[in-house]
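The block underneath contains the structure these notes are about, expressed in C-alpha cells.
Laboratory data are not the source of any read-out in this text; all were calculated from the coordinates shown. It should be emphasised that the depicted structure is a prediction, and the values quoted were computed from it without experimental measurement. Here Cβ is always computed from backbone atoms with ideal geometry, including for glycine, and neighbour counts include all displayed protein chains.
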Amino acid sequence: MNPKKTLLIFTIIVSILFSLYIHKNEIKYDPKLTDAHHSFIDDSEHENIKVLNQGKKNTPLKAGFEEIGRLQAEKVHDWLRQSPSSSMRLAQYAITAFGDSGELVVFSGIGGTPQSNIQRWSNQFKNTPDPNTSLNWDLKNNDLNKKFVYLEGTFIKSDMRKNRVLEEMENYSLLAAIVTGSHEPYYFKMTGPTALIKSQKNTFESFIESLIEI
C-alpha cells in the first residue's frame, strides 16, 4: 500500500479514537458539581454580597412551612413571596397594608459583622434614628441566635453603584433580624412606611421565631 495512504488512514483512525475519548469524558461531567461555586455580582444592597446558605435540604419540610436557604419558616399568607429581583437575594416578599407597600428581603454573605451592618442600616437614614424609637432585642430558640433591629426616620434610598441619592422617604422604618446558627448569618430586612412596618411587627417576630435549620 502507498505509504501516504497508510499514514492518512492511521491519522483518521487516531482522530476518531481521540474524538470518542473526549465525548465519553464530557458525558461524565455533571453540571450540578458547580452549584456550590456561585459567581459574585454586585447588588444594590451591598457590594460584597455573596449567595450563601443554599445547601441541600436534609430535614423534611414541616407542614405550613417554606424553605429559605438552609432554614425553614412558617408561611405568612398575607405576604406575597416573589422571585428575587436580584440574584444575590435568597428570598423576597411584597407586603401591603393600609394602602401602603413595603418589602422583606433575605440575604446571606453580607460582609462585616452583625453590629457593623446594623450601623450601616442606621446610616441609611438622613439623621441618626431617635434612640427613643430605635430598638434592639435578642431571642434564642431552635438552636438559633436571633437579633432584632428596629429603626425609623427619613430613609435615604440610594444607588450604591453610582453613589447618588434617589429619594428621601419620610416616616419610613426598617425592621430586621440577624439569624445565626451553624451557618453564615442570614439578614431579614423589612422596609416600608412606618405605619405598615409597625403593623407587621408581631407577625415578623413570629415568622423569625418559627425559623429552624434544615
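Note down the relative contact order for the range 65-213 as a percent, whole number, built from C-alpha pairs under 8 angstrom at least six residues apart.
Normalised by residue count, the contact order of the range 65-213 is 24 percent.
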Checklist entry - Out of residues 5 or more away from residue 192 or on other chains, whose amide H comes under 5 Å of its own, with H placed 1.01 Å from N in the peptide plane? => result 173
Checklist outcome for this item: For the range 110-123, in residue order, the Karplus 3J(HN,Hα) values (coefficients 6.51, -1.76, 1.60; θ = phi - 60°; whole Hz; Gly and Pro = x) are 5, x, x, 7, x, 5, 5, 6, 4, 5, 5, 5, 4, 5
Next on the checklist: Using the Karplus curve 6.51 cos²θ - 1.76 cosθ + 1.60 with θ = phi - 60°, what ³J(HN,Hα) values do you get for each residue of the range 208-214, in whole Hz, with x for Gly and Pro?
Outcome noted: 5, 4, 6, 4, 9, 7, 10
Next on the checklist: To make sure I understand, if each residue's beta carbon is the centre and we count other beta carbons within 10 Å, what order do 86, 210 fall in, fewest to most?
Outcome noted: 86, 210
